[in-house]
Amino acid sequence: AYGDPSYGAAVAAQARVEPVQKTFYDANGEELRSEYAIYTEQLIGLLDRVWLPGDLPADLTKARVPMKVYQGIDEDGSISHYEVFV
């Protein structure tokens with residue numbers, strides 16, 4: 001009613017999480033720095049929210065916003081995984 005986003009129920013996904021510091025730039029040229037890279041077969045989009053292992057989805061202050069999502073393509077041209085930077 002007030003323009004605030006609403007999300008569905010949290011979904012657990014298997015993933016490898018690694019500390020990665022990488023710099024990206026948004027559409028306005030603002031610098032964004034990631035702290036972690038998440039490698040998973042579960043599609044995670046730029047509008048999703050991500051909680052790292054050990055963080056509870058009930059704690060909204062721990063939610064992370066993806067900065068960049070890459071699709072990993074295997075040799076036959078299909079998507080094999082996603083690389084999500086938060």
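The values are calculated or read from the model by the stated rules, or taken from the named source; none is laboratory data. Computed from a predicted structure; not experimentally measured. FYI the Cβ positions are ideal-geometry reconstructions off the backbone, even for glycines, and counts take in every protein chain you see. Note: accessible area is taken over every heavy atom of the protein model, side chains too, but ligands, DNA and RNA are not part of it. Shrake-Rupley method; radii C 1.70, N 1.55, O 1.52, S 1.80 Å.
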Debye log10 I(q)/I(0) at q = 0.15, 0.17, 0.18 Å⁻¹ for the chain, Cα point scatterers: -0.63, -0.79, -0.87
Stretch gain in nm, segment HIS81-ASP59, where the contour uses 0.36 nm per residue and the Cα spacing is subtracted: 5.2 nm
Percent accessible area from carbon and sulfur atoms, the chain, protein chains only, probe 1.4 Å: 50
Inter-part distance where the stretch 45-75 and the stretch 8-44 are each reduced to a Cα centre, Å: 5
Accessible surface, the chain, averaged per residue in Å² (probe 1.4 Å): 77
Charge tally in the Cβ shell below 13 Å around PRO5, where Lys, Arg are +1 and Asp, Glu are -1, PRO5 excluded: -1
Selected from TYR39, TRP51, ALA13, residue furthest toward positive end of dipole (the chain; charges at beta carbon): TRP51
